[in-house]
1. Based on this model, can you work out whether B:Ser101 counts as in a loop (DSSP other than H, G, I, E, B), at pLDDT below 85 and farther than 21 Å from B:Glu155 by Cα?
2. What residue, of A:Ala77, A:Ala49, is within 13 Å of another protein chain (Cβ to nearest Cβ), more than 22 Å from A:Met92 (Cβ to Cβ), part of a helix (DSSP H, G or I) and under 17 Å from the mean Cα position of the chain (by Cα)?
3. Does region A:88-118 hold any residues that are surrounded by fewer than 21 Cβ atoms within 10 Å (Cβ to Cβ) and in contact with a Cys (Cβ under 6 Å, 6 or more places away or on another chain), and which are they?
4. On the basis of being in contact with a strand residue (DSSP E or B) (Cβ under 9 Å, 6 or more places away or on another chain) and either in a helix (DSSP H, G or I) or modelled with pLDDT under 90 (or both), does A:Thr146 make the cut?
5. Limited to region B:132-164, what total is found for residues that are surrounded by 13 or more Cβ atoms within 10 Å (Cβ to Cβ), within 14 Å of another protein chain (Cβ to nearest Cβ) and more than 22 Å from B:Leu25 (Cα to Cα)?
6. Are any residues in region A:91-105 among the small types (Gly, Ala, Ser) and out of contact with any Asp or Glu (no Cβ under 9 Å at 6 or more places or on another chain), and if so, which ones?
7. Of the residues that make up region A:197-204, is at least one modelled with pLDDT under 80, farther than 18 Å from B:His47 by Cβ, charged (D, E, K, R) and surrounded by 13 or more Cβ atoms within 10 Å (Cβ to Cβ)?
8. Just one of the numbered conditions (1) closer than 25 Å to B:Val93 by Cα; (2) more than 8 Å from chain B (Cβ to nearest Cβ); (3) in contact with a helix residue (DSSP H, G or I) (Cβ under 6 Å, 6 or more places away or on another chain); (4) crowded, with 23+ Cβ neighbours inside 10 Å is not true of A:Ala85; which one?
Amino acid sequence: MAHIPDGVLSLPVLVGGGVLAAGAVAVGLKRITDLEIPRVAILASGFFALSLFAVPVGPSSVHLLLGGLMGIVLGPAIFPAVFVALLLQAVMFGFGGLTTLGVNVVNIALPGAVIGTLCAPLIARATPKRAALIAGLASALAVACTGLLVACSLALSSADYTLSARVMIATYIPLMIVEGLVGGFCISFVKRVKPELLAPLQSEAAQ
Amino acid sequence: MRRKLVALLACLAFATPAAAHRLKLFATVEDGTISGYAFFVGSGRAHGAALSIADATGKPVQDMLTDAQGAFSWKPPAPQTYRLTVNAGDGHVSEATLERSRFGGVPANTTSEESDDATSTQEGVTLSQAQIERAVEAAVARQMRPLLEAYEAAEGRTRFNDIMGGIGMIIGLAGLALWGSNRKKGVS
């Protein structure tokens, strides 16, 4: 899955991922306003705790990634959130690794950031039902993109650890469905209960 | 809406019995045979995963797939240090090393028909030195296996306290960030 351990990726991939992640985290941090800090922290905690729980699926096991959901709510601020959560997971539980931290942050946060930023204005205007549909599709798409990025990271590194298409299809398709459902439920819930959470960030910053 | 929430909670409840997501490799030596299994901490075995065994110099000596229980077993031609790597095919890789000393003093493929240095017991049953050593090795390996398995499983387990600690850390960081940004505002 998305937590690539130490010793699997080659140096150029590690350095590339690290530089990209550092830049993205810096940009994300710069754009966080005071009002958004608690929001970032809540989603970072949620991602940290939920992605520790995995269920066996087919020959492997999967856990939630929440990339789409975090991207919709946080936009570029997803990078610091994912960075902190993955750092703690690596240090406390040995999930992923410290050298692969950058690559893992990019793999999980980049699809969420791009898809979330694109979808957020649509969701802000939509009815709760439509918002749920958009968020569900966005979440599933973010999972697929994360899978693709993981596959690229491994393929660029060496031929030793190629992904098995069988395992990828057996694990990512159920995960996409579940993520889509979770993303849809959460966004439709937030949309009804606290729609201002999904309002564009610029208007909030201007207040 | 309430129904949806219940469904979401049910999904989460279904997800909680299994904790953690990390591939680990359990391997041990019993009677000169390497055996073990690949598993995800807290959530089942990795079946059909590619296992590769290399010798001390890093030269691959044996490749195989784990079976439906994630298990494997291989009898090496000679006792030496072996390095096992398992690849679940989805970016999960784990390694284990079995030192030469784990194979004990008995070469893997000795025949037990050496009665030259036999020692007699009280009943007159003769057991060669090699036979005694082998019996002890087997008994110790049998007793140790559950312990080693429990250790491997416990090592990567996610504990509730650790998760709460991590969440606390994130809340603390958020507080720190708020404090920092307020201080900056106060100065300017």
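The values are calculated or read from the model by the stated rules, or taken from the named source; none is laboratory data. Here the structure is a predicted model, which means the values were calculated and not measured. A quick note on method: Cβ atoms are made from the backbone with ideal geometry, for glycine too, and the neighbour counts reach across all protein chains shown.
1. Working: in a loop (DSSP other than H, G, I, E, B): no; at pLDDT below 85: yes; farther than 21 Å from B:Glu155 by Cα: yes.
Judged against the criteria, B:Ser101 is not a match.
2. Details: A:Ala49 fails: more than 22 Å from A:Met92 (Cβ to Cβ).
Going through A:Ala77, A:Ala49 in turn, the sole match is A:Ala77.
3. Listed by number, the list is empty, since nothing qualifies.
4. Details: in contact with a strand residue (DSSP E or B) (Cβ under 9 Å, 6 or more places away or on another chain): no; either in a helix (DSSP H, G or I) or modelled with pLDDT under 90 (or both): yes.
When the stated conditions are applied, A:Thr146 does not pass them.
5. 2
6. So the first thing to find is which residues in region A:91-105 are among the small types (Gly, Ala, Ser), and the list is A:94, A:96-97, A:102.
Residue satisfying the conditions is A:Gly102 alone.
7. Of the residues in region A:197-204, the ones modelled with pLDDT under 80 are A:197-204.
Filter once more, keeping what is farther than 18 Å from B:His47 by Cβ: A:197-204.
Adding the requirement that they be charged (D, E, K, R) leaves A:204.
The next check asks that each one be surrounded by 13 or more Cβ atoms within 10 Å (Cβ to Cβ); those that pass are A:204.
Yes: one or more hits.
8. So the condition that A:Ala85 fails would be (2).
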